[in-house]
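Take a look at the structure below.
The values are calculated or read from the model by the stated rules, or taken from the named source; none is laboratory data. In this text the structure is predicted, and so the values were computed from the model without any measurement. Methodologically, a virtual Cβ is constructed for each residue, glycine included, from the backbone with ideal geometry; neighbour enumeration extends over all protein chains shown.
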Amino acid sequence: MLTVKDLKDLKGKRVYVRVDFNVPQTNGVIRDTNRIKAALPTIQELLSKGARVILMSHLGKIKWKEPDPEKIEAMKKANDMAPVAKALAELLPGVKVSFCPATRGEELTKAVAALNDGEILLGQNTRYEKGEEKNDPELAQIWASLADVFVMDAFGSAHRAHASTVGVPSILKAEGKPVALGYLMIKEVENLTRCVEVKAEDRPYVAVLGGLKVSDKIKVIDTLLNKCDYIIIGGAMAYTFRKAQGEAVGTETAERTSLTRRS
């Protein structure tokens, strides 16, 4: 698959980048900008090539099954991307960063059309659209129509078949337009490959697992048992293993899961 480094002739091209800007915030104040910083190498690469960069991301959750419209609006307000645009601008001094509060329609189309080479437009929270998590084809077509190139750099959302992660690149690829991986995606894929294809020089191979539910991870654990030299179980999940070995765990949470004891 193409990578962002492989992309050529981007001057004047509209590049849709799916980033992961799902950052923690309280009352519009971002508490941790690490996810924004992680996307900077990809963004800067595109800017250096004269691209017109359109960034799209989800932020938080919008519970569309909520029957009260006022509560839905409150969820939207709590997950507005405007503070993220401000934080991004502070991290990229000298670069024009615009924000569009609309997820579709004339306002978004005009905002994209107003972009110049080497500028950034951050779109509103993709989950403001009910069809985002359903990979709605109409919504995906609307967003795909904004771009000449697609770059996937949201590793934390890559497993979700949403309109912004799967729908858009599928349409652009069918149209013969470039679809590529960003630097963050490349880094994560390389690291995961090291976990799957273990080389002698990487041993001893130690896996550290945490979390709460053993049932969610039992297949992963079974696979790792055939690859790892050691597995360290931590977090609340450890209590399930201790209970399975006949130890008392008091009031701590332990899943009632049948585990096969292994030496």
Would you point out which residue out of R52, R18, R31 is closer than 20 Å to E132 by Cβ and either assigned by TED's automatic domain parsing to the domain that holds T109 or modelled with pLDDT under 95 (or both)? R18
Which numbered condition in (1) basic (K, R); (2) assigned by TED's automatic domain parsing to the domain that holds G60; (3) more than 18 Å from N22 (Cβ to Cβ); (4) in contact (Cβ under 8 Å) with a residue 24 or more places away in the chain is the only one that K213 fails? (2)
Checking the conditions here, which among K77, K5, K63 is basic (K, R) and over 29 Å from K134 (Cβ atoms)? K5
Among the residues of the stretch 140-154, is there at least one that is in a helix (DSSP H, G or I) and within 19 Å of F21 (Cα to Cα)? yes
Tell me, please, whether a residue that is outside the structural domain of R104 (by TED's automatic domain parsing), within 22 Å of A38 (Cα to Cα) and modelled with pLDDT under 95 can be found in the stretch 195-207. yes
Would you please list the contacts, defined by Cβ atoms under 6 Å and residues six or more apart or on different chains, that run from a residue in the stretch 98-111 that is within 20 Å of V168 (Cβ to Cβ) and free of Cβ contacts under 8 Å to residues at least 40 places away in the same chain to a residue that is assigned to a helix (DSSP H, G or I) and not aromatic (F, W, Y)? F99/A82; F99/A85; C100/L108; C100/A111; A102/L108; R104/I142
Does A236 satisfy being over 30 Å from V15 (Cα atoms), exposed (fewer than 11 other Cβ atoms within 10 Å of the Cβ), of a type outside the set (S, T, N, Q) and outside the structural domain of G50 (by TED's automatic domain parsing)? no
Select from the stretch 207-237 the residues that are touching a Lys or Arg at 6+ places or on another chain (Cβ under 9 Å) and in a helix (DSSP H, G or I) and list them in ascending order. L225, M237
Exactly one of (1) over 20 Å from N22 (Cα atoms); (2) surrounded by 12 or more Cβ atoms within 10 Å (Cβ to Cβ) is unmet by T193. Its number? (2)
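Yes/no per residue for (1) in contact with a strand residue (DSSP E or B) (Cβ under 8 Å, 6 or more places away or on another chain); (2) under 25 Å from P41 (Cα atoms); (3) at pLDDT below 95:
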{"site": "L92", "(1), (2), (3)": "yes, yes, no"}
{"site": "V95", "(1), (2), (3)": "yes, yes, no"}
{"site": "A113", "(1), (2), (3)": "no, yes, no"}
{"site": "G123", "(1), (2), (3)": "yes, yes, no"}
{"site": "P137", "(1), (2), (3)": "no, no, no"}
{"site": "F150", "(1), (2), (3)": "yes, yes, no"}
{"site": "S164", "(1), (2), (3)": "yes, yes, no"}
